[in-house]
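What follows is a short report on a single structure.
The values are calculated or read from the model by the stated rules, or taken from the named source; none is laboratory data. Computed from a predicted structure; not experimentally measured. Every residue, glycine as well, gets a Cβ built from its backbone with ideal geometry; the counts of neighbours run over all protein chains shown. Surface areas here come from the heavy atoms of the whole protein model, side chains and all, with no ligands, DNA or RNA. Shrake-Rupley method; radii C 1.70, N 1.55, O 1.52, S 1.80 Å.
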Amino acid sequence: MMDKADPGLKLHTRMRLWEFPDQYVVEPTDGSSASFLAISRVDGSMNLIDEIPLCNSLRVPKIRTIYGVVGMLKLLAGSYFIVITESECVGSHLGHPIFKVTSMKVLPCDHSLKNSPEEQKKTESEFSRLLNVAEKSPGLYFSYDVNITLSVQRLHDLGDESKVLPLWRQADPRFLWNNYMLEVLIDNKLDPFLLPVMQGSFHSFQTAIGKDILDVTLIARRCTRRTGTRMWRRGADSDGFVANFVETEQIIQLKGYTASFVQVRGSMPFLWDQIVDLTYKPKFEIVKPEEAPRVAERHFLDLRKKYGNVIAVDLVNKHGGEGRLSEKFGSAMEAVAGDDVRYLHFDFHKICGHIHFERLSILYEQIEDFLIKSRYLLLNEKGEKLEAQSGVVRTNCIDCLDRTNVTQSMIARKMLEFQLQRLGVFDAEETISSHPNFDDNYKILWANHGDDISIQYSGTPALKGDFVRYGQRTIQGIITDGYNALMRYYLNNFCDGTKQDAIDLLQGHYILSVSRSMTPTAEKGGIEAIASFPAALALIVTGFFFAMMSLRRVRYDWWNLLFSLMWAGMSVAVGAFVKANGRVFCNRPRLHQPRR
């Protein structure tokens, strides 16, 4: 399907990293006779060399195997070289192996810091600690041979000139996770070391239908334009790029045929946010409401250019805070809707509740005509296009995670059944549910896909995942949802601020410069110096424990009623203080200088 890239531009698939006291040297060990890449540990400068430097008692290198170069980051006074130290093959895509990053290493090139002012050293240390968080970035995938940032249809439509370019030049910048980090390597024309990395998910399985072997693959591609964590990245920016935008592609291969179906999800495309304040559900704030139509127009103009016709399926509630957002979304769409863009509201919770997800059939009946008209990609054994997808379903709820994943899995199931009927594998009335093994694997595929996207945005697996995984709600699933909801609350309030800083640093959303103010952050005094969430939680739990113990003894001694009221009052007071001083406890971002 794809022409081979120029052999001279082929990516190195295995390398040896030599860590000398004054430099790092990357040696290709995949059988090529290419030059070695040397990186100075003083200033991060790069150059190609023909042989490994001499080793002696004063220059004893540490040696390790690496599987790819992620890129280079420049901070205030030092540079940081990022490499893949462990990976695993998770399947194949169009005949080429796909790998998941299981471990990364950030290598400092900061020896020049020795001569820097003390405050600059301190600031650099704070920023470099964010890179330790970045090392644990989940859901990173890559391939040495095929461009996984493009859907099968876009790959097929690439021109001959594009097909022989290096993979990083073919990549869709929206889904190139290390786009910013590759800039230094690009400037140094180091194509064989430029490994494109995508964040998202990749899952596949193989099953038999009669005598036919069917391969099913599900790929999620997360956009980097407004990337971040759940409470810290909401809505859209002024250019129409939305939070948690994900392209999901379902691919099947059967009897030499290849079929693909693409959906997208993303936050409601106007300016809105939620300020973390320790409440379970912070208030939704609509920012610059007068800008909503313009921002939505920009967003859907971009979608039409990339996917064709669009139907926007809005799954949020019609009442409360969600209702205000849905009303604004609907009103903004009045200026955008037309023959090529439709808006449809479907109150998921009102219609389906928390257990009757089979009622999504009501939604399907409303969008069936769009799906039939928009079709899907279908290639024959020769790679010739028999069908093309000319439109896309854009689904959103508040987080674009749980309700969205249930809905997308339903739509994808219907389209897969259409494709199998077209290929003569299914009869007109036959469904995936008719094949228990196929059905079980398919549900697990979508459940894992939903968990991956949810972990990257919220820190926990998806809610309502039991329905996607088993086809019904279970008691265990409801309990698990409760636990994950509490974990989201904790992570959003006390961990995701630092994680958001790390993401912004990696994506180049903030540029650091030596001219930046080095004024140290004012020291906290009084109660702020000792306030912390664990301490507050311990006081609250202790207070309620003694309150309950005292209540149990009230029938023996009425003094215990007084003590129980005292302990309960203390717990309520601490809780009120925590809520009122949310900014003391919440881990808020420290980066403030936007990239120009």
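The figures follow:
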{"item": "So Thr480, is it outside any helix (DSSP H, G or I) and either at pLDDT 60 or above or open to solvent by 20 Å² or more (accessible area, probe 1.4 Å) (or both)", "result": "no"}
{"item": "Looking only at segment 125-154, and only at residues there that are at pLDDT 95 or above, within 22 Å of the chain's Cα centre (by Cα) and not in a loop (DSSP other than H, G, I, E, B), the one that is nearest to Gln500 (Cα to Cα)", "result": "Leu140"}
{"item": "Per-region count, segment 5-33, residues at pLDDT below 85 and buried (at least 19 other Cβ atoms within 10 Å of the Cβ)", "result": "1"}
{"item": "Qualifying residue in segment 138-146 (condition: in contact with a His (Cβ under 6 Å, 6 or more places away or on another chain), buried (at least 18 other Cβ atoms within 10 Å of the Cβ) and among the hydrophobic types (A, V, I, L, M, F, W, C))", "result": "yes"}
{"item": "Leading residue by the ranking (most open to solvent (accessible area, probe 1.4 Å)) among those in segment 427-441 that are over 30 Å from the mean Cα position of the chain (by Cα) and without any contact (Cβ under 8 Å) to a residue 40 or more places away in the chain", "result": "Glu429"}
{"item": "Any chance Pro108 is in contact with a Cys (Cβ under 7 Å, 6 or more places away or on another chain), modelled with pLDDT of 85 or more and surrounded by fewer than 19 Cβ atoms within 10 Å (Cβ to Cβ)", "result": "no"}
{"item": "Scope segment 262-284; condition β-branched (Val, Ile, Thr), open to solvent by less than 10 Å² (accessible area, probe 1.4 Å) and either modelled with pLDDT under 95 or more than 24 Å from the chain's Cα centre (by Cα) (or both); matching residues", "result": "Val276"}
{"item": "Hits in segment 327-357 - residues which are of a type in the set (A, V, I, L, M) and not in a strand (DSSP E or B)", "result": "Ala332, Met333, Ala335, Val336, Ala337, Ile351, Ile355"}
{"item": "Answer from Ala259, Ala220 - the residue that is farther than 27 Å from Gly497 by Cα, assigned to a strand (DSSP E or B) and open to solvent by less than 50 Å² (accessible area, probe 1.4 Å)", "result": "Ala259"}
{"item": "In segment 305-323, the residues that are among the charged types (D, E, K, R), part of a helix (DSSP H, G or I) and surrounded by fewer than 17 Cβ atoms within 10 Å (Cβ to Cβ)", "result": "Lys305, Lys306"}
{"item": "Selected residue (only one of Ala447, Ala388 is hydrophobic (A, V, I, L, M, F, W, C), surrounded by fewer than 20 Cβ atoms within 10 Å (Cβ to Cβ) and within 28 Å of the chain's Cα centre (by Cα))", "result": "Ala388"}
{"item": "Hits in segment 65-80 - residues which are within 19 Å of Leu11 (Cα to Cα) and either modelled with pLDDT under 95 or touching a Ser or Thr at 6+ places or on another chain (Cβ under 9 Å) (or both)", "result": "Thr65, Ile66, Tyr67, Gly68, Met72"}
{"item": "Selection within segment 345-362 - within 26 Å of Pro282 (Cα to Cα) and under 26 Å from the mean Cα position of the chain (by Cα)", "result": "His345, Phe346, Asp347, Phe348, His349, His354"}
